[in-house]
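Student: The structure under discussion is supplied below as C-alpha cells; questions concerning it will follow.
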Amino acid sequence: MSGLYLDSRKTALLAIDLQNAIMGIRTAPYPATEVVQRNRQIADDLRARGGLVVWVRVDLKQFIQLPVDEPLPSAGKPLPDELSEIVRSAGFQDGDLLVTKRHWGAFAGTPLEQELRSRGIDTVVLTGVSTNGGVESTLRQGTGLAVGFVVVEDACSGQDAEEHRFAFERIFPRLARVRTVEEVLRALA
C-alpha cells in the first residue's frame, strides 16, 4: 500500500447516512456513535484546510420502493421527518453541502457529480453507514463516473461485522484506496 497525499482543496469528505435514523440501530463492527465521532474528526480537519464536506442523507419518506424480496422494515410506514436529518453530533456547519438521496447510492438522481466537478474535486473520502448499503452503492456508482475514492474503514460500519470485513478486504481495494481515519488525517495537506 503506497503512501497517501490528499490536496485538501481538491478533496471532499462524503459522509453517508449519518442521520438520526441510524442512531437507533445496532451497527458493526463499530457503534454508530463512534462512526459519527470519527467522521466529525475528518470533517473538522478537512474543513479547516479548505476542503469540502458533503453530508448525504436518505429521505426515508421518499425512498424509492421497488419490488424486492426483502423490503426495508420501514417500507410503507409513516416516519417522522427528524429521522432523515443529519445527527447533530456529526457537526454539520454552514458552508457544508447537503445531498438528499432517495435510494441506496448518493450519485443516482442527485446533483452530487456536478457539485463535485464544479468545485474541482478529484478525490472523495468516503465514510458512513451502512458499509454494504449506502457506502458500497455510492462507491460503485462513483467509480463508474471516474471519481477517485479513499474509503475509511474505521469511519464506516454496517449491520454485520463479517460483511463489513469482506467488503473492506475483498471488494473495496479493487475500487478505491482503503485507509483508516489516522492515515487520512496524516495525508491531508
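The values are calculated or read from the model by the stated rules, or taken from the named source; none is laboratory data. Here the structure is a predicted model, which means the values were calculated and not measured. Don't worry about glycine lacking a Cβ; one is built from the backbone with ideal geometry, like all the others, and counts go over all protein chains shown. These accessible areas exclude ligands, DNA and RNA; they are computed on the full protein's heavy atoms, side chains included. Shrake-Rupley method; radii C 1.70, N 1.55, O 1.52, S 1.80 Å.
Student: How many of the residues making up region 131-165 are open to solvent by 10 Å² or more (accessible area, probe 1.4 Å) and assigned to a strand (DSSP E or B)?
Tutor: Going through region 131-165 one residue at a time, the tally reaches 3.
Student: With small (Gly, Ala, Ser), exposed (fewer than 12 other Cβ atoms within 10 Å of the Cβ) and modelled with pLDDT of 95 or more as the only criterion, which of 48, 12, 43 stands out? Explain how you work it out, then say what you get.
Tutor: Numbers: 12 fails: exposed (fewer than 12 other Cβ atoms within 10 Å of the Cβ); 43 fails: exposed (fewer than 12 other Cβ atoms within 10 Å of the Cβ).
Every option except 48 fails the conditions.
Student: Still on this structure, I have one more. How many of the residues in region 166-175 are in contact with a strand residue (DSSP E or B) (Cβ under 9 Å, 6 or more places away or on another chain), open to solvent by 20 Å² or more (accessible area, probe 1.4 Å) and touching a residue at least 24 places away in the same chain (Cβ under 8 Å)?
Tutor: Here the count works out to 1.
Student: Also, I was wondering about something else. Is one or more of the residues making up region 76-90 under 27 Å from residue 5 (Cα atoms), open to solvent by less than 80 Å² (accessible area, probe 1.4 Å), out of contact with any Gly (no Cβ under 8 Å at 6 or more places or on another chain) and modelled with pLDDT of 95 or more?
Tutor: Yes, some residue in region 76-90 is under 27 Å from residue 5 (Cα atoms), open to solvent by less than 80 Å² (accessible area, probe 1.4 Å), out of contact with any Gly (no Cβ under 8 Å at 6 or more places or on another chain) and modelled with pLDDT of 95 or more.
Student: Being in contact with a helix residue (DSSP H, G or I) (Cβ under 9 Å, 6 or more places away or on another chain) and either loosely packed, with under 12 Cβ neighbours inside 10 Å or farther than 24 Å from residue 188 by Cβ (or both) is true for just one of 110, 27. Which residue is that? Steps first, answer last, please.
Tutor: Details: 110 fails: in contact with a helix residue (DSSP H, G or I) (Cβ under 9 Å, 6 or more places away or on another chain).
After ruling out the rest, the residue left standing is 27.
Student: Confirm whether residue 143 is among the hydroxyl-bearing types (Ser, Thr, Tyr) and closer than 20 Å to residue 19 by Cα.
Tutor: Numbers: among the hydroxyl-bearing types (Ser, Thr, Tyr): yes; closer than 20 Å to residue 19 by Cα: no.
Criteria not met by residue 143.
Student: Here's a follow-up. Please determine, by comparing only the residues of region 3-60 that are among the acidic types (Asp, Glu) and part of a loop (DSSP other than H, G, I, E, B), which one is farthest from the chain's Cα centre (by Cα). Before you say what the answer is, go through the steps one by one.
Tutor: As a first pass, look at region 3-60 and keep what is among the acidic types (Asp, Glu): 7, 17, 34, 44-45, 59.
In the following step, the residues that additionally are part of a loop (DSSP other than H, G, I, E, B) were identified as 7, 17, 59.
Details: 7: 19, 17: 6, 59: 15 Å.
It comes out as 7.
Student: Pairs needed: first member in region 3-15, closer than 20 Å to residue 90 by Cβ and touching a residue at least 40 places away in the same chain (Cβ under 8 Å); second member anywhere, open to solvent by less than 10 Å² (accessible area, probe 1.4 Å) and of a type in the set (S, T, N, Q); C-beta distance under 9 Å; at least 6 residues apart or different chains.
Tutor: The qualifying pairs are 13/39; 13/127; 14/127; 14/138; 15/39; 15/127.
Student: Residues being crowded, with 23+ Cβ neighbours inside 10 Å, assigned to a loop (DSSP other than H, G, I, E, B) and out of contact with any helix residue (DSSP H, G or I) (no Cβ under 7 Å at 6 or more places or on another chain): count how many of those fall in region 91-107.
Tutor: 0
Student: Is it the case that some residue within region 88-98 is over 20 Å from residue 44 (Cα atoms) and touching a strand residue (DSSP E or B) at 6+ places or on another chain (Cβ under 6 Å)?
Tutor: Within region 88-98, the subset over 20 Å from residue 44 (Cα atoms) is none.
So far as region 88-98 goes, no, none of its residues is over 20 Å from residue 44 (Cα atoms) and touching a strand residue (DSSP E or B) at 6+ places or on another chain (Cβ under 6 Å).
Student: Inspect all residues belonging to region 119-130 and state whether any of them is part of a helix (DSSP H, G or I) and not hydroxyl-bearing (Ser, Thr, Tyr).
Tutor: Our first condition is that a residue be part of a helix (DSSP H, G or I); within region 119-130, this holds for none.
No: zero hits.
Student: Take the conditions of a type in the set (A, V, I, L, M) and without any contact (Cβ under 8 Å) to a residue 12 or more places away in the chain and apply them to residue 146. Does it pass?
Tutor: Details: of a type in the set (A, V, I, L, M): yes; without any contact (Cβ under 8 Å) to a residue 12 or more places away in the chain: yes.
Answer is yes for this residue.
Student: Report yes if residue 126 is over 20 Å from residue 40 (Cβ atoms), open to solvent by less than 20 Å² (accessible area, probe 1.4 Å) and in contact with a strand residue (DSSP E or B) (Cβ under 8 Å, 6 or more places away or on another chain), otherwise no. Before you say what the answer is, go through the steps one by one.
Tutor: Working: over 20 Å from residue 40 (Cβ atoms): no; open to solvent by less than 20 Å² (accessible area, probe 1.4 Å): yes; in contact with a strand residue (DSSP E or B) (Cβ under 8 Å, 6 or more places away or on another chain): yes.
Answer is no for this residue.
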